[in-house]
Structures are given as structure tokens and as C-alpha cells.
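One structure below.
The values are calculated or read from the model by the stated rules, or taken from the named source; none is laboratory data. Since the model is a prediction, treat every value here as computed from it, not as a measurement. Counting neighbours? That spans all protein chains shown, and the Cβs are built from the backbone with ideal geometry, glycine included. Ligands, DNA and RNA are stripped out before the accessible areas are found, and what is left, the full protein with its side chains, is counted by its heavy atoms. Shrake-Rupley method; radii C 1.70, N 1.55, O 1.52, S 1.80 Å.
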Amino acid sequence: MSANLNAARVTAPGSNLAVVMRRVLTDGAGVVAILYVVLFALYALWDRSALTASGVTNLSNNAAPLALAAAGESLVVISKGFDLSVSGVVSLSNVLMATYPLEGPGGALVSLMICLAVGGAIGVINGVLVAILRLQSIAATLGTMIMGQGLALVIMDAPGGTVADWVSYTLTDVIFGVIPISGLIVLAVIALWLVFRRTDTCIGLFAVGADETAASLSGISVARARVTAFVGAGLLYGLAGFMLSAQTATGNPTAGTPFLMLTFAAVALGGVSLTGGRGSLVGAVIGAATLMLLQKVLFSGGVSSFYTGIFQGVVMVLAIIFGSLILRLASTGARA
Amino acid sequence: MTGTRPSAALQAPADTRRIGRIRSETISTAAIFVLTIILIFASRFVSPALGSWDQVDTIITLASFLIVVAFGQGLVILVGGLDLSIASMITLGGVLSTTWNGSFGSEWALIPAVLVICACIGALNAVGVIWLNIPPFIITMAMGIIVASAALGYTSGTPRGAAPDAFLALMKGSIGGLSAVLIFVLVFALLAWTLQSATAFGRRLYAVGANREAARIAGIATWRPIMAAYALSAACAGFAGMMLVGYANGATLRMGDSYLLPSIASVVIGGSSILGGRGSFAGSVGGAILLTTLGTVIAALGMQQGWRTVIEGAIIVGALLLLREDLIVKLRSVR
């Protein structure tokens, strides 16, 4: 695994067209980006409004919460772990936003801080349980997910409440007439990732995911890398809950439940290896956007909304099989 | 656990592991039952109506669904997996048994047919796990979504029909003064425990769960026990769905939702390792009864149901931490 990582780095500056093509095709993010473009073309063919500014804004607002959650999940998956707490954090921040609406930009900032604090705190708990107390990540985060969902039910036992108007109007709006704010927020997270990717901490994350023993022997603090991944993930789930509240404008104690499957589907579709050490946050974001677009395409294609789950489940399984095929292709490519 | 250390130290090094394991499992199972009994008696202080024989009967009836589901979940966890499709399989069992009731000839054809359908879907999960190398929790989660969506589409949102008479009799009837479901739970627990702990099939499950590669080298066709575990889990969930339908005399599309997480919690607090290869069904039964009792007490205290969920999550994390401590003690005694 670590050999693949190095091979990818070495071939990166290749100017040869064949090398570039192989990189795009064996990079999960590249493949899913192509898939997105194809789906979008299909959608635009069926529904002309997709090409208008409001159509694009709509897509962006729809995809932003899942994209942010998938971005968080990719951090944990890259460091070889699974984080189920995403649905707990999203539900919890959603009910907090709907129970305590704070008006105006200042209120929105405080709400954002609360969401980030909730996500960060659960991330710290996950990190401690997994990295320091050495519990299996699925089991530990299952526990924190259940607790998060329970707390959401304690705060709000039935759907209701209203999110502050400022949040639900402004964050779903556009600036300069065309650029959706939700898209900008996702882009900001991607920009942060591109910076983070250059840091030693992030290289440590990949190294721990690829081979924990080797990483530890080469002087990387495995515990610190894992805790960083979980806290980063928690913060992004909090942000996802914040954006979801802006989009739905109301509270629901089970708002986060659908996120559990969809984030993993997005991560797998985005070419992040579920066995750790490979992938990118950008891939996960595009994967999430693709899944949400797929829902729109199915809807405009006349598939009953009853059956969207069947498609999502099948796409998820196919994405994982597809992803592992790409990885196999990439590793034979690196060896050749 | 502190009790196992000195006694284990007296044994020969090669034996300490096995003896330590059996001891700690028996102790954790016994502890759960004692805790449950204390909780039942203590509940008298909350409300005088609790803690009576009727109350015990009610708790066993309410726990019966969870006990059946936890057996399947326990088998999947034993072979190193996790079954997140259980909620949808419960719903499927309930929906099919009510929708097809009456139009399927005899009930005695309907019930096995539903169970076989559920088992086949469980076997599909196993195909994904064994041959496609998909992480168990992901393939079962995807399957759960697919099945839930199919059930939604099939019923157009409103399940119709009544429960099969056999399940009405099971959930509402009584035999010789005892409620039928109480006798059923006893028989089921005994059979299930025997299958898991006293048959060659059961030993293969443990072997595959403890070390799949070693089991393969030892000559076990590892795919068989794994597939059997997933198929049984789905069939148990389907059966629990039919029991629920008998209890409420009708199916709903979300009837399985409140059993998924408790099923995992029952197995984990029953002393099974979430990594597989360790655990006993007796512990899971104790876990299921404890969680149900806890739910009743929380309801009697007038606390919000959300707290029940929080406590469940906390119990899972607590049990995981305790089991981990146990592991360290064992490692020390081996050294």
C-alpha cells in the first residue's frame, strides 16, 4: 500500500499523455468526476432547468450537507477506520439549530460554533476510544452514534421547530447572482484539504491508514493521527448538520439517519479505499454530489420515489466493487 | 474479572487462555442475569405495579422479539461481521406474512416461504462479504435500504392484511396457565444455545470467527458457516417480524427500526466480542432481558425515550471497555 502511495507521488509530474490518462482512470476522484459529468448531461437532457442558475443552486444546496459529511468520513476511512457517529452528530446539530434559533449573522456564527463544538466533542470522544483505549472503530462509533441520536431525541422528541430565517435564507442563496453559497462553503473545505494534504499530519494519516506498524516504526504518532482524523471528521459532520438545517429550515431528531449509508456510499464511490491509506477528500465530495444527482436523475426519469432506496443500495454496492477494481488496476499499473 | 486472575495463574500456561475465557464468559453472563433480577426488584420502588409476576411475564413477552433477533445478530457477530439489515428484515417478515396471509393456501406453507425468502436475502449478504470483499456493515446496510425500499414500494406505503393465526396464538395464547410466548422463549433459547455451543456447526462458527485463515487451513470450508450465520440472522429477523405482527395484529413499515441497535447492544453487553470468535447466546438473552427491563423502568419513571437510547449507547461503550480490560488481564496471565 505504501509502495502505491510513493509510486503515485513519483509519477505525478509526468507530462506524458498516457501517464496522465492512467492517473485519471486509476484515481477514484477522476473516475467519479467523469461519472458526474455523464449523469449531469443526462439530467440536463431531461430537465432543461438544470442548466439555469437556480437549477445549479438547487443541486449545490442539495448536495452540500452530504458532501461535507462524506468529506469528514473520508478522513477517518483514509486513516483506516469507520466512523458511524456521523448520523448522531448531524441529528444533534440539526435539533439544536431548530430548538435554539439565533437570528442574524452573529446568531448564525454562534450556531455554527455550537455545531462545530458538538461535532468536535464527539470526534474527541471517538478519537480517545479508538486511538487511546484501542476499541474497534465500528463498535466505538456505533456507541457514540446511538448516544448522539438519543440526545437528539431528548432535546426534541418529534420533528418540529424552525431554524433561524437568516440561516435558512442566506446560506441557500447565491452571491453575484450565480454562485451558490453552499457550493462556496464546500469549496472552502476542499481548499483547506488541499493545504492540509501538504502537511506532515496528513501524510501521517495516509501512512497510518496504509500500514500502522510501518508508520509507527518510522516515528509517526499513530494515536495523534487517528485523533486528528476523528476530530476533523466530527467538525465536518457538525458543519454538515449546520448546512442541512439551513436547507430544511426545520428540526428532526432522525435527520441524520440517512447520512449513515449515504456517506459511506459517497466515500466508496469517490475512490477512497475502505481498507485505508488511499483516496482523497475531493473524491468523497464528488461522490456525494453524484449520489444526490442520481436521485434527481431517477426522479426526472420517472422512477417512483418509493424505489430510490433500491437504486441507492445497488449503486453503493456497485461503487465498492468498482472502487476495489480500480484499486487493483492501479496497483498493477504501478507495478508495471 | 479480578477473580479470574489468581486462579488462572495457577494453571499451566497453555491452558490459562481457555480457562480464563470460559470463566470470564460465565461470569459476565451470570452478572447480567443478577443485574436484571436486581433491576426487576428495584423497579418496585419506582412503581408498585412493577416487579410482580405479571410484570416479569410482560417483560419476557416484550423481550421475546429481541431475543430471537439477537440470536441471529450474535451469530453474525460471532463470525466477525455485523448485520445492519435486521430492521428491514423484521419489516419484510411482517409485511409478507400479513400481505400474503389468506392468498397463500395454508399458513403452514406461508410461514416457511417467508422464512426461506428472508434466509436467501441473508445469504446474499454473505455473498458480498465472502466473495466480493465488501465490509459486512456496508453490504448489510445497503441490503437493508434495498429491502426497506422494496417493502415500501410493494405495499405502496400502507401494509394491509392480518397476522397469521399461528402467530396470534403464539403471542396472545397461553398453555397450562403460562403464556405461550414464555414457553416459546424457553424452547427457542435452549435450541439456539445448543446449536451455537454444543454442535459441530457451532464450533465451526467459533473457529471461523476467531481466525478465518486458521479455520481454512484446518480444513473448514469457511464460506459455509459464514453464509449460514447471515442466512439464519435474516430468517430470525423475519420470524421476529411475524411475532411482532402477531403481537400488534398488523404490520407497519417502520416496525423493525427499534430492534436493530438493541440487537447489537444485547450481544455486546452479553459478553460477546465485537471482533468475533467469542461469546455465548446465554449472555445475549440476558442482555436482551436487561435492556427490555431498563426500557420498562425508564418508561415508568416518566423519562423521555431518548434517554433510553443514550443509556443503550453508553452501555455498549461501557461493555466494550470492560471486555477490553478483560483482554489485557488475559494477555498478562498468558505471559
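Taking the criterion of being within 7 Å of chain A (Cβ to nearest Cβ) and at pLDDT 80 or above, the residues of the stretch B:317-326 that qualify are B:VAL317, B:LEU321.
Within the span defined as the stretch A:50-57, one or more residues are part of a loop (DSSP other than H, G, I, E, B), surrounded by fewer than 17 Cβ atoms within 10 Å (Cβ to Cβ) and not aliphatic (A, V, I, L, M). Test B:ALA200 against the criterion of being buried (at least 23 other Cβ atoms within 10 Å of the Cβ) and either hydrophobic (A, V, I, L, M, F, W, C) or closer than 25 Å to B:ILE117 by Cβ (or both), and give yes or no. Criteria not met by B:ALA200.
For first residues located in the stretch B:205-225 and under 14 Å from B:GLY80 (Cβ atoms) and without any contact (Cβ under 8 Å) to a residue 12 or more places away in the chain, partners that are aliphatic (A, V, I, L, M) and surrounded by 12 or more Cβ atoms within 10 Å (Cβ to Cβ) and lie 6+ apart or on another chain with Cβ distances below 6 Å form the pairs B:ALA215/B:ALA207; B:ALA215/B:VAL208. Set side by side, the residues A:VAL227, A:VAL267, A:VAL285 differ, and just one is at pLDDT 85 or above, within 11 Å of another protein chain (Cβ to nearest Cβ) and closer than 22 Å to A:ALA71 by Cα, which is A:VAL267.
When each of B:ALA148, B:ALA163 is tested for being touching a Gly at 6+ places or on another chain (Cβ under 7 Å), more than 16 Å from B:ILE59 (Cα to Cα) and more than 14 Å from chain A (Cβ to nearest Cβ), the lone residue that passes is B:ALA163.
Candidates A:LEU262, A:LEU244, A:LEU239: the one that is aliphatic (A, V, I, L, M), within 13 Å of A:VAL90 (Cβ to Cβ) and within 14 Å of another protein chain (Cβ to nearest Cβ) is A:LEU262. Which one of the conditions (1) over 23 Å from B:GLY270 (Cβ atoms); (2) open to solvent by less than 30 Å² (accessible area, probe 1.4 Å) does B:GLU213 fail to meet, given that it meets all the rest? Exception for B:GLU213: condition (2).
Pairing residues of the stretch B:293-307 that are within 12 Å of chain A (Cβ to nearest Cβ) with residues that are surrounded by fewer than 15 Cβ atoms within 10 Å (Cβ to Cβ) and modelled with pLDDT of 80 or more, at Cβ distances under 7 Å and at least 6 apart in sequence or on separate chains, gives B:GLN304/A:ASP157; B:GLY306/A:ASP157. The stretch A:241-336 holds helices (runs of 4 or more DSSP H) entirely within its bounds, and those carrying 1 or more residues that are basic (Lys, Arg) map to A:281-300, A:308-335. Quick one: which residue in B:VAL76, B:VAL68 is of a type in the set (A, V, I, L, M, F, W, C), crowded, with 24+ Cβ neighbours inside 10 Å, under 21 Å from B:PHE188 (Cβ atoms) and within 14 Å of chain A (Cβ to nearest Cβ)? From the options B:VAL76, B:VAL68, the qualifying one is B:VAL76. When the stretch B:90-102 is limited to residues that are in contact with a Cys (Cβ under 9 Å, 6 or more places away or on another chain) and away from chain A (no Cβ under 14 Å), the one that is surrounded by the most Cβ atoms within 10 Å (Cβ to Cβ) turns out to be B:GLY93. Take A:GLY143 and tell me if it is at the interface with chain B (Cβ under 10 Å from one of its Cβ atoms), more than 20 Å from the chain's Cα centre (by Cα) and either under 17 Å from A:GLY251 (Cα atoms) or without any contact (Cβ under 8 Å) to a residue 24 or more places away in the chain (or both). Criteria met by A:GLY143.
Residue by residue, here is whether (1) more than 23 Å from the chain's Cα centre (by Cα); (2) modelled with pLDDT under 90; (3) closer than 30 Å to B:ASP54 by Cβ; (4) more than 14 Å from chain A (Cβ to nearest Cβ) holds:
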| site | (1), (2), (3), (4) |
| --- | --- |
| B:ALA119 | no, no, no, yes |
| B:ILE139 | no, no, no, no |
| B:GLY176 | yes, yes, yes, yes |
| B:VAL181 | no, yes, yes, yes |
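Among the residues of the stretch A:123-140, those identified as over 19 Å from the mean Cα position of the chain (by Cα) and closer than 15 Å to A:GLY234 by Cβ are A:ILE125, A:VAL128, A:LEU129, A:VAL130, A:ALA131, A:ALA140. Report whether or not B:SER64 is free of Cβ contacts under 8 Å to residues at least 12 places away in the same chain and of a type in the set (Ser, Thr, Tyr). So B:SER64 does not fit the description; no. Restricting A:VAL77, A:VAL110, A:VAL130 to residues that are more than 8 Å from every other protein chain (Cβ to nearest Cβ) and surrounded by fewer than 24 Cβ atoms within 10 Å (Cβ to Cβ) narrows the list to A:VAL110. For the stretch A:83-90, the criterion of being out of contact with any Phe, Trp or Tyr (no Cβ under 9 Å at 6 or more places or on another chain) and either open to solvent by 50 Å² or more (accessible area, probe 1.4 Å) or away from every other protein chain (no Cβ under 13 Å) (or both) is met by none of the residues. For the stretch B:241-267, filtering for residues that are outside any helix (DSSP H, G or I) and surrounded by fewer than 24 Cβ atoms within 10 Å (Cβ to Cβ) leaves 6.
Take the conditions of a type outside the set (Ser, Thr, Tyr), modelled with pLDDT of 90 or more and part of a helix (DSSP H, G or I) and apply them to B:VAL34. Does it pass? No: the conditions fail for B:VAL34.
Yes/no per residue for (1) open to solvent by less than 60 Å² (accessible area, probe 1.4 Å); (2) under 19 Å from B:LEU232 (Cβ atoms):
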residue	(1), (2)
B:PHE104	no, no
B:GLU107	yes, no
B:ALA113	yes, yes
B:ALA126	yes, yes
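The number of residues in the stretch A:160-188 being modelled with pLDDT of 85 or more and open to solvent by 30 Å² or more (accessible area, probe 1.4 Å) comes to 3.
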